[in-house]
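**Q** Please see the structure below; I have some questions.
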Amino acid sequence: MVRATFSSKAAPTEAVGSSARKHRAILEAAIQVFLESGYLGSNMDQIAALSEVSKQTIYKHFSSKEALFVQMVTSMTDTASDSVHKEIPELSEDLDIAAFLQMYANRQLTVVLTPRLMQLRRLVIGEVARFPELARVLYERGPQRAISALAKALEQLAAHGLLAIDDPLNAASHFNWLIMAEPLNKAMLLGDEAIPKPSTLRRHSAEGVRIFLAAYGKR
């Protein structure tokens, strides 16, 4: 009796765990296949073989190739965005403002400037006519989320008297593109070889923060 009771409770849990593992495997396979072959050059047979599940299983998790593609873009963008915003220190009035901004800038550059994310951006741009909503997803969950989150932090820092800011959202936009514009555009257009080395990114972050503080630093 005891053994039967345990088995009946465990089975649903094991089924859920197995389903979640398959979901992750399908998504990881989709990322690899779509980034390597593009949307039109990819098919569900490739994804099924790589994830070691049947096509029927894929369609249980994702209703179509289009749905899987959209989920891939959303998942990659959210994961990158979450990595930028994790572990933000407490914003107190004794915070080293330059060190904080350099940390944030360098983290943003390091997370975004990877071959995978550059491939994703190029892929979405190439498919924007077919999937216009994906460009919106990439922008809203990437740069727009970063700017909105930074605006809240800058507003707090201004309230502590560490910055002189009238429009936090505008200041956050200035900071974001001051840091991201040049290295991002180079990597997008010139390929993975143009992704700067960590030491170069740190220097770029420090210079960007210096310029930002010249405009918005405490007067």
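**Q** Under 8 Å for C-alpha pairs, at least 6 residues apart: give me the relative contact order for the chain, rounded to a whole percent.
**A** Relative contact order here is 20 percent.
**Q** Counting pairs of Cα atoms in the chain, how many percent are more than 24 Å apart? Spell out each step's value before the answer.
**A** On the way: 12868 of 23871 pairs.
That fraction is 54 percent.
**Q** Given the whole protein assembly as supplied and a 1.4 Å probe, what does the accessible area of Thr114 come to in Å², nearest 10?
**A** Looks like 40 Å² after rounding.
**Q** With the other protein chains left in place, how much accessible area per residue, in square angstrom, belongs to the chain at a 1.4 angstrom probe?
**A** Here the residues of the chain average 56 Å² of exposed surface.
**Q** Using a 1.4 Å probe and counting only protein heavy atoms, arrange Ile211, Ile179 so the residue with the most accessible area comes first.
**A** The most accessible residue leads, giving Ile211, Ile179.
**Q** Right, something else. Once R0 is set to 30 Å, what does the formula 1/(1 + (r/R0)^6) return for the Cβ-Cβ distance between Ala164 and Val128, expressed as a FRET efficiency to the nearest 0.05?
**A** E(calc), rounded to 0.05, equals 0.20.
**Q** Let me spell out the model: positive unit charges on the Cβ of Lys and Arg, negative unit charges on the Cβ of Asp and Glu, origin at the Cα centre of the chain. What dipole size does that give, in debye rounded to 20?
**A** Rounded to the nearest 20 debye, it is 500 debye.
**Q** Related question: Among Trp177, Ala30, Gln119, pick out the residue whose Cα is farthest towards the positive end of the charge dipole of the chain, where Lys and Arg carry +1 and Asp and Glu carry -1 on C-beta, about the Cα centre.
**A** Ala30
**Q** Sticking with this structure for a sec: Show which lysines lie in cross-link reach of Lys55 when reach means a straight Cα distance below 17 angstrom and same-chain residues fewer than eight apart are skipped.
**A** Straight-distance partners of Lys55: Lys22, Lys65.
**Q** Turning to a different aspect of this structure: So what's the stretch 71-117 giving for Rg/Rh, alpha carbon basis, Kirkwood Rh from the mean inverse pair distance? All intermediate terms of the calculation are to be shown ahead of the outcome.
**A** Values: Rg = 13.0 Å, Rh = 12.0 Å.
Reported Rg/Rh (Cα atoms, Kirkwood Rh): 1.09.
**Q** Determine the order of Leu157, Leu169 by accessible area, beginning with the largest, at a probe radius of 1.4 Å.
**A** Descending order: Leu169, Leu157.
**Q** A further question on this structure: If we count every other residue with Cβ under 15 angstrom of Leu134's Cβ, Lys/Arg +1 and Asp/Glu -1, where does the sum land?
**A** +1
**Q** Within the accessible area of the stretch 91-219, what % is carbon and sulfur when the probe is 1.4 Å and the other protein chains stay in place?
**A** Roughly 55 percent, rounded to a whole number.
**Q** If you don't mind, another one. Can you pull the semi-axes for the stretch 62-153, root of five times each eigenvalue of the Cα gyration tensor, sorted largest first, whole Å?
**A** On the way: eigenvalues 186, 30, 23 Å².
Largest first, the stretch 62-153 gives 30, 12, 11 Å.
**Q** Under 8 Å for C-alpha pairs, at least 6 residues apart: give me the relative contact order for the stretch 113-219, rounded to a whole percent. All intermediate terms of the calculation are to be shown ahead of the outcome.
**A** Numbers: 77 pairs, mean separation 33.0, N = 107.
This gives 31 percent for the stretch 113-219.
**Q** Please give the Cα centre distance for the stretch 65-141 versus the stretch 182-210, rounded to the nearest Å.
**A** The distance from the Cα centre of the stretch 65-141 to that of the stretch 182-210 comes to 16 Å.
**Q** Follow-up. Between Thr79 and Ala20, what length comes free when the chain is fully extended (0.36 nm per residue of separation minus the Cα-Cα distance, one decimal in nm)?
**A** Values: separation 59, 0.36 × 59 = 21.24 nm, distance 1.70 nm.
Taking Thr79 through Ala20 to full extension adds about 19.5 nm, to one decimal.
**Q** Please report, to one decimal in angstroms, the Kirkwood hydrodynamic radius of the stretch 112-180 built from all distinct Cα-Cα pairs.
**A** 13.5 Å
The values are calculated or read from the model by the stated rules, or taken from the named source; none is laboratory data. As the structure is a computational prediction, the values presented were derived from the model and not from experiment. Backbone-built Cβ (ideal geometry, glycine too); neighbour counts: all protein chains shown. Side chains are part of the model used for accessible areas, which takes the heavy atoms of the whole protein and leaves out ligands, DNA and RNA. Shrake-Rupley method; radii C 1.70, N 1.55, O 1.52, S 1.80 Å.
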